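The values are calculated or read from the model by the stated rules, or taken from the named source; none is laboratory data. Just so it is clear, the model here is predicted, and its values are computed rather than measured. Because the Cβ atoms are built from the backbone with ideal geometry, glycine has one as well, and the counts that use them run over all protein chains shown.
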Amino acid sequence: MTEFEFDERDVPFTDGQTVGAALVAAGVRSWRTTRRESRPRGVFCGIGVCFDCLVTIDDVPNQRACLVPAAETMVVRTQEGDGRGHLAV
């Protein structure tokens, strides 16, 4: 079984599956919160039009989980805030 890491747990996926599809298949329904009201978000459109499914992948924020193919070496994290914390000085 092939897996990637999501918030310190292993998530299985099949070849060709996106990060978002694998998370939903594993029972994870949200992995980001809205900036203003902290409402949970996950896959909404599933085709890359909206930005509800943003995650941080391998320390790169604002990745659309519905578009990124899952890979075994990937480390996926819940998106924190607007994903721009790494730009703070």
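Structure notes:
- Scanning segment 67-81 for residues that are at pLDDT 95 or above and either of a type in the set (V, I, T) or touching a Gly at 6+ places or on another chain (Cβ under 8 Å) (or both) yields L67, V68, P69, V75, V76.
- With respect to being outside any strand (DSSP E or B), buried (at least 20 other Cβ atoms within 10 Å of the Cβ) and out of contact with any helix residue (DSSP H, G or I) (no Cβ under 8 Å at 6 or more places or on another chain), A22 fits the description.
- Inside segment 56-66, residues that are in contact with a Gly (Cβ under 8 Å, 6 or more places away or on another chain) and closer than 17 Å to T34 by Cα make up a count of 5.
- Some residue of segment 26-35 being modelled with pLDDT under 85 and either within 26 Å of T2 (Cβ to Cβ) or over 12 Å from the mean Cα position of the chain (by Cα) (or both): yes
- Looking across segment 2-19 at every residue that is outside any loop (DSSP other than H, G, I, E, B) and among the polar types (S, T, N, Q), the one that is surrounded by the fewest Cβ atoms within 10 Å (Cβ to Cβ) is identified as T2.
- Top-ranked residue of segment 31-70 - restricted to ones that are assigned to a loop (DSSP other than H, G, I, E, B), touching a Ser or Thr at 6+ places or on another chain (Cβ under 7 Å) and of a type outside the set (D, E, K, R), ranked as surrounded by the most Cβ atoms within 10 Å (Cβ to Cβ): A65
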